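Asks: Quick one: this structure, given as structure tokens, is what I'll be asking you about.
The values are calculated or read from the model by the stated rules, or taken from the named source; none is laboratory data. Just so we're clear, the structure is a prediction, and the values are computed from it rather than from any experiment. Ideal geometry is used to build each Cβ from the backbone, glycine not excepted, and the neighbour counts take in all protein chains shown.
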Amino acid sequence: MNYTICQWVRIVDMNDEIMSEVLFQHGEFEAPALTVGSSVVSYQLGLREFDVVYDTREGKRQRSKIIDVEIDLITKPTTNRVFLEPVTLIIGQHDIGQI
């Protein structure tokens, strides 16, 4: 099956005040049936200015659990979205600069 893998990212400042919340799309992947509770390994997320990006530096991996699988029966062809557990990124602490 073809899945779009998504993850909600909350961007906060040092005082834990929410600056924004975005739905980061990891991309489309062909995979066997994915279920809630399964884990996905990807690059860790970071901030470049206010954009959520992959932190591709060595050793920067994250393991996230699937919390929801959405199958949209209204659209043709049917689409499948997988949602990973949300993450919080802190401005100034999760900045990765230019890689």
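Asks: Kindly indicate which of VAL69, VAL41 is surrounded by 11 or more Cβ atoms within 10 Å (Cβ to Cβ) and among the aliphatic types (A, V, I, L, M).
Replies: VAL69
Asks: Right, something else. Does the range 10-29 hold any residues that are among the aliphatic types (A, V, I, L, M) and in contact (Cβ under 8 Å) with a residue 60 or more places away in the chain, and which are they?
Replies: Scanning the range 10-29 gives ILE11, VAL12, MET14, MET19.
Asks: Additional query: Would you tally the residues in the range 55-72 being of a type outside the set (S, T, N, Q) and modelled with pLDDT of 90 or more?
Replies: 10
Asks: Right, ARG63: in contact (Cβ under 8 Å) with a residue 60 or more places away in the chain and in contact with a strand residue (DSSP E or B) (Cβ under 7 Å, 6 or more places away or on another chain) or not?
Replies: No: the conditions fail for ARG63.
Asks: Quick one: in the range 1-35, which of the residues that are of a type in the set (S, T, N, Q) and farther than 19 Å from GLY92 by Cα is surrounded by the fewest Cβ atoms within 10 Å (Cβ to Cβ)?
Replies: THR35
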